[in-house]
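Read the structure below first, then the notes.
The values are calculated or read from the model by the stated rules, or taken from the named source; none is laboratory data. Just so you know, these numbers come straight off a predicted model, no measurement behind them. Backbone-built Cβ (ideal geometry, glycine too); neighbour counts: all protein chains shown.
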Amino acid sequence: MTTVSVTLPETKYDVLIERGLLKSVGELVAKQWSARKIALVSDSNVAPLYQEQVGTSLESAGFEVHRYVFPAGEASKSLTTLADLAQQMAVDAFNRDDSVIALGGGVTGDLAGLLAASYMRGLAFIQIPTSLLAQVDSSVGGKTAVDLDNIKNIIGAFYEPDLVIVDPDTLATMKQRDLVEGYGEIVKTAALEGGEFWQLIETINSPADLITHSPELSARSIHYKASVVIADETESGTRQLLNFGHTIGHAVEALADGGLRHGEAVSIGTVAIMRVFENAGLAEKGITAKLRERLAAVGLPVTDDLLTSPKVLDKVKNDKKNRHGHLNLVYLTAIGQPKIKSIPSSEIASFLHLTVAD
């Protein structure tokens, strides 16, 4: 078993990574928590696959499990769904000694995490991510949130889990598009770190390769993200590096109105932002093509007609990470060499106009 430890000023937790780990959930959670009620939260896609298995394992370990299911999809990451789940917990008499487990992908982790953070001002929380995107990204770092209309992650909290359990075998039940989506975040992370991680990326040429190398891809991604989070838990400094590809990516994702997955949008955003910096002479020649090739190798989109829309610039200028009239754009001078450039909001349009050219 691979263990990545995340040590923060006020808490510490482990990320456990191993094939078949789902069979041992009850035993692992019992080492972390005493007997209590657990709200086991999944969406309607994941619940039929794993909720009964995980719930039974927890019950065998002495926990009282309440299985909650919400409709799958980004639309459920809302205050309405959050209130519905909280209402179910109240009816089932959950109190501050009880806990929440998120079993599912990124939407489940974000939603159940905010549920844990806000119900009775905070319950203990464990993440069991079942998608590649959640395993390498959203399950680590303590970000929990819901959307408001089409504004992503606008209402949330930093709330760390007590434990993260990653079983790469859950990827075998994913549709190819859902699997590949997570690779957008992996390439982003490998490009930030460089070295052996990027060398591993250069060997991935198909979705089948993702399955084969998923334990190592997850471990390396989580280790890098954990190191950044440890250094900057609340995103006031170096944690901003993790936004690489996200500024334009989030804008395109919002405008696509459900037509693009998060990892697909990150892929498009990564290529677009690097094209800007390479054309501006601030990045190594050929780096954009290198990133585009690695993303496209597994079928991820690397451009979109939405990039030509003036609405993209409006979304970017109003990004929630816009601080004091400036937006910090993350880019690479070379693989493994990230930098942040602060651009005044009034200059964003002129600086990013090159994103429409491929």
Check: Are any of the residues in the stretch 104-114 among the aliphatic types (A, V, I, L, M) and either over 27 Å from GLU264 (Cβ atoms) or assigned by TED's automatic domain parsing to the domain that holds ALA219 (or both)?
Finding: no
Next item on the list: Could you give me the residue pairs with C-beta distances under 7 Å whose first residue belongs to the stretch 311-325 and is in the same structural domain as SER346 (by TED's automatic domain parsing) and within 15 Å of GLU347 (Cβ to Cβ), whose second residue is of a type in the set (Val, Ile, Thr) and at pLDDT 80 or above wherever it lies, and which are 6+ apart or on separate chains?
Entry: LEU313/ILE348; VAL316/THR247; VAL316/ILE248; VAL316/ILE348; LYS317/ILE348; ASP319/THR247
Notebook entry, point to check: In this structure, does PHE244 turn out to be within 30 Å of GLU10 (Cβ to Cβ), buried (at least 21 other Cβ atoms within 10 Å of the Cβ) and either touching a Phe, Trp or Tyr at 6+ places or on another chain (Cβ under 9 Å) or assigned by TED's automatic domain parsing to the domain that holds VAL15 (or both)?
Noted result: yes
Check: For the subset of the stretch 176-197 comprising residues that are touching a residue at least 40 places away in the same chain (Cβ under 8 Å) and surrounded by fewer than 19 Cβ atoms within 10 Å (Cβ to Cβ), which member is nearest to the chain's Cα centre (by Cα)?
Finding: ASP178
Next item on the list: Specify which of the listed residues (SER99, SER131) is under 24 Å from HIS66 (Cβ atoms) and within 15 Å of the chain's Cα centre (by Cα).
Entry: SER131
Margin query: If the requirement is being among the basic types (Lys, Arg) and in contact with a strand residue (DSSP E or B) (Cβ under 8 Å, 6 or more places away or on another chain), which of these qualifies: LYS143, LYS188?
Written below: LYS143
Note to self: So, ALA35, is that one of a type in the set (Gly, Ala, Ser), over 26 Å from LYS175 (Cα atoms) and buried (at least 16 other Cβ atoms within 10 Å of the Cβ) or not?
What the structure shows: no
Margin query: For the condition without any contact (Cβ under 8 Å) to a residue 60 or more places away in the chain, in contact with an Asp or Glu (Cβ under 9 Å, 6 or more places away or on another chain) and among the charged types (D, E, K, R), what is the one hit in GLU18, GLU10, GLU27?
Written below: GLU10
Notebook entry, point to check: Scanning the stretch 148-175 for residues that are part of a loop (DSSP other than H, G, I, E, B), buried (at least 16 other Cβ atoms within 10 Å of the Cβ) and out of contact with any strand residue (DSSP E or B) (no Cβ under 7 Å at 6 or more places or on another chain), which turns out modelled with the highest pLDDT?
Noted result: ASP167
Item checked: The one condition in (1) out of contact with any helix residue (DSSP H, G or I) (no Cβ under 8 Å at 6 or more places or on another chain); (2) polar (S, T, N, Q); (3) surrounded by 20 or more Cβ atoms within 10 Å (Cβ to Cβ) that SER76 fails to fulfil -> (1)
Notebook entry, point to check: Given the residues GLY105, GLY141, which is the only one that is more than 19 Å from ALA47 (Cβ to Cβ) and within 12 Å of the chain's Cα centre (by Cα)?
Noted result: GLY141
Margin query: Which residue is surrounded by the fewest Cβ atoms within 10 Å (Cβ to Cβ), if the candidates are limited to the stretch 120-141 and must be outside any loop (DSSP other than H, G, I, E, B), among the aliphatic types (A, V, I, L, M) and modelled with pLDDT of 95 or more?
Written below: MET120
Notebook entry, point to check: Across the stretch 258-299, what is the total count of residues that are without any contact (Cβ under 8 Å) to a residue 12 or more places away in the chain and out of contact with any Ser or Thr (no Cβ under 9 Å at 6 or more places or on another chain)?
Noted result: 6
Margin query: Suppose we filter the stretch 279-310 for residues that are in a helix (DSSP H, G or I) and either touching a Pro at 6+ places or on another chain (Cβ under 7 Å) or within 19 Å of GLY259 (Cα to Cα) (or both); how many remain?
Written below: 7
